[in-house]
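See structure below.
Read the figures in this text as sums done on the coordinates, not as results from a lab. What you are looking at is a predicted structure, and each value in this text was computed from that prediction instead of being measured. Cβ placement follows ideal geometry from the backbone for every residue including glycine, while neighbour counts extend to all protein chains displayed.
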């Protein structure tokens, strides 16, 4: 009988011990869970705090010349895409009834901002007439001497993309001369004269003759898929243009056709650069490089990448602190 009681006692004790252990574990788990329930909201609150948008302290109000609703929506959309790439979250555009408000988290250069707001970029890649092919036609011209009073060819080699350089004071006289009937009969019918980017260190404009066989450039904005900032092989600031897949073949044919020659990259009706073509380019990429500052490259990339502004905007109100 004693043995039976002992066994019963030890059985009860074991059950009690098991329950106590389970109870203690349950309490520990509840404490741990309570700690987690306390800590998780704090973590989420911290994440929200650090990732929240900046406080906007300045405001610029703009009025559009076209008040149609779909135009205004498009304006805000284009502005915010431009601002995202150039300023990040520090500048935002929003629509308010009859005007567009631009909110700023800090003081910025207003001239740069307004350039981004109101500037549209036209872009095209064109074939060019090499200098020698133009001079061959001019060599029989009796009035050749008067032309070269304005057009300097001293630094232009035989197959250069530019036909010469001109001082700013002589540009009007040269264009008037080249548009005369005498020269129109010598210059190819599909030729279009284009000034190059002003060379500050030399004080001259290069002059190019592009082949304009149609109104649209062989490579134009509708063919562009994406644009991004890069550095060229010399470490200079550059812009890489990726074409849509449908136009890879067009670009490859154009580059193959001009191997040994040049192609002119024209931005806002000015030849920005005219690189030589060494081989056909099959992958649909083109690169714009030159003596671009980091800021110039960034602005150009933003304008090329994010569409044209559908209407002009004028400032109606600006925070006084931004103009100081």
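Summary of values
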quantity: Stokes-Einstein translational diffusion, the range 191-271 - Kirkwood Rh over all Cα pairs, 1.002 mPa s, 20 °C, in µm²/s; calculated: 145 µm²/s
quantity: Residue order, fewest to most surrounding Cβ atoms within 10 angstrom, among 92, 97, 63, 82; calculated: 97, 63, 92, 82
quantity: For the range 123-305: relative contact order, % (alpha-carbon pairs under 8 angstrom, 6 or more apart); calculated: 25 percent
quantity: Mean Cα-pair separation over length for the range 190-294, i.e. relative contact order, pairs under 8 Å, 6 or more apart, %; calculated: 27 percent
quantity: Ranking of 57, 75 by count of other Cβ atoms within 10 Å, fewest first; calculated: 57, 75
quantity: Relative exposure of 58, 189, 86, 198, judged by other C-beta atoms within 10 Å (fewest first); calculated: 189, 198, 58, 86
quantity: Hydrodynamic radius by Kirkwood, which averages 1/r over all alpha carbon pairs of the range 249-324, in angstrom; calculated: 15.7 Å
quantity: Alpha carbon centroid spacing (whole Å) that separates the range 168-198 from the range 266-282; calculated: 21 Å
quantity: Residue list for the range 103-122, given a label point 7 angstrom along the Cα-to-Cβ vector of residue 317 and an amide N cut-off under 20 Å; calculated: 103-108, 110, 114
quantity: D_trans [Stokes-Einstein, Kirkwood Rh over alpha-carbon pairs] for the range 123-305, 10 °C, 1.306 mPa s, µm² s⁻¹; calculated: 91 µm²/s
